[in-house]
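Notes follow once the structure below has been shown.
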Amino acid sequence: MKALGRWIGALALTLLVPVAALAGDIKVGLMCPLTGKWASEGLDMKNIVTLLVDDVNAKGGIKGRKVQLVVEDDAGDPRTAALAAQKLASAGVVAVIGTYGSAVTEASQSILDEAELVQIGTGSTSVRLTEKGLQLFFRTCPRDDAQGNSAAEAIKKGGYKAVALLHDNSSYAKGLAEETKAVLEKAGTKVVFYDALTPGERDYTAILTKLKAANPDLVFFTGYYPETGMLLRQKKEMGWNVPMMGGDAANHQDLVKIAGTEAATGYFFISPPLPQDMDTPEAKEFLKAFKAKYNTVPVSVWAVLAGDAFKVIEGALEAGKDTPKAMAAWLKELKGMPGLSGNLGFNAKGDRVGEFYRTYKVDATGNFVLQPK
């Protein structure tokens, strides 16, 4: 009888617990580079999503359930990303945000797809990521063919006639170079050089010498900011003053630190707007909260796009879409949702819709200055 009494008492206590509490926390996965050469991007990704999660929880959570962020470090490396994806796939998350770098994201795609989890890439612009027919993959960043068109327009606007294209053989950089080359050649602009460098090296004078021999009036390096900074610095050391431009992977203030302010001055790149240039009410409110908590602003737009990924996951969950298929179907119908970087929406392939690219130029003080449209 005592055992029966204890059982009845436990049952009564259970019935008093809210259903939402019984359901437990909602786990959202974040895969980002917290170590390696892109660690500053990863730290901002983590800080931004953590800020948004804390805000949601402070307001009572989603349908009464708290959100728990589960973070895995991919180190900006495809092999580490595969391990991170496996950990998230077994962690009970409802969706995964990330990551930065197309090749790194690609290493996680099949793992998360087989686990039937929605994945939202944030700094992964390679065209092929959304050409595989993966129904649960989305991205809050634009893709390389859109960037290739914007790059070609910037080159045309600048009046350049002989362009050298240099990439680093990564999925992102090679894809952007190929897309830009196709658009330029179709428009009649001469591509006088097309080749790749090896990322991570300390001396690029050999490839710069080859570039100089091709006599371009513009060098477009489509790779990431660490190599961009090295190229700018060593190009100056050679005394070669040819203009140089980049894509959105150059959108990081560390570029100037690596190159030196004098070598970086005049360099320009195309990119979605920098955090400080985002002017929507949502962006302004977010930036104010971020600065209050971390006493700084995000270093680039890519981390902000992780925040946008969380916003659309939150929106789907608030709409009651808590299974992968239901969430994916909801996302593919989403259009014009206010986000941190602008309105959010996706097409049937999972690509973000809308126009994002602007041109930035490095001024004499090392600042990235938004150019008029």
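The values are calculated or read from the model by the stated rules, or taken from the named source; none is laboratory data. Worth saying up front: this structure is predicted, and the values here are computed from it rather than measured. Positions of Cβ are backbone-derived with ideal geometry, glycine not excepted, and every protein chain shown enters the neighbour counts. Accessible surface is based on the protein model in full, side chains and every heavy atom, while ligands, DNA and RNA are left aside. Shrake-Rupley method; radii C 1.70, N 1.55, O 1.52, S 1.80 Å.
Couple of notes before you dig in:
- When 177, 187, 151 are screened for being among the small types (Gly, Ala, Ser) and open to solvent by 10 Å² or more (accessible area, probe 1.4 Å), only 187 passes.
- Checking the stated criteria, residue 311 turns out to be part of a helix (DSSP H, G or I), in contact with a strand residue (DSSP E or B) (Cβ under 8 Å, 6 or more places away or on another chain), of a type in the set (Lys, Arg) and surrounded by fewer than 24 Cβ atoms within 10 Å (Cβ to Cβ).
- Per-region count, the range 145-200, residues in a strand (DSSP E or B) and closer than 21 Å to residue 131 by Cβ: 1
- Within the range 121-133, the set of residues being part of a helix (DSSP H, G or I) and either surrounded by fewer than 21 Cβ atoms within 10 Å (Cβ to Cβ) or hydrophobic (A, V, I, L, M, F, W, C) (or both) comprises 127, 128, 129.
- Filter pass, residue 356 being modelled with pLDDT under 95 and open to solvent by less than 40 Å² (accessible area, probe 1.4 Å): yes
- Here residue 118 meets the list (1) over 15 Å from residue 74 (Cβ atoms); (2) over 12 Å from the mean Cα position of the chain (by Cα); (3) open to solvent by 10 Å² or more (accessible area, probe 1.4 Å) almost entirely, failing just condition (3).
- Some residue of the range 285-297 being in contact with a strand residue (DSSP E or B) (Cβ under 8 Å, 6 or more places away or on another chain) and surrounded by fewer than 18 Cβ atoms within 10 Å (Cβ to Cβ): no
- Flag for residue 83 being in a helix (DSSP H, G or I), farther than 30 Å from residue 179 by Cβ, open to solvent by less than 40 Å² (accessible area, probe 1.4 Å) and of a type outside the set (Ser, Thr, Tyr): no
- Taken together, 242, 297 contain a single residue that is among the β-branched types (Val, Ile, Thr), under 20 Å from the mean Cα position of the chain (by Cα) and assigned to a loop (DSSP other than H, G, I, E, B), which is 297.
- Within the range 137-176, the set of residues being in contact with a Lys or Arg (Cβ under 9 Å, 6 or more places away or on another chain), closer than 22 Å to residue 266 by Cα and not small (Gly, Ala, Ser) comprises 161, 163, 165, 167.
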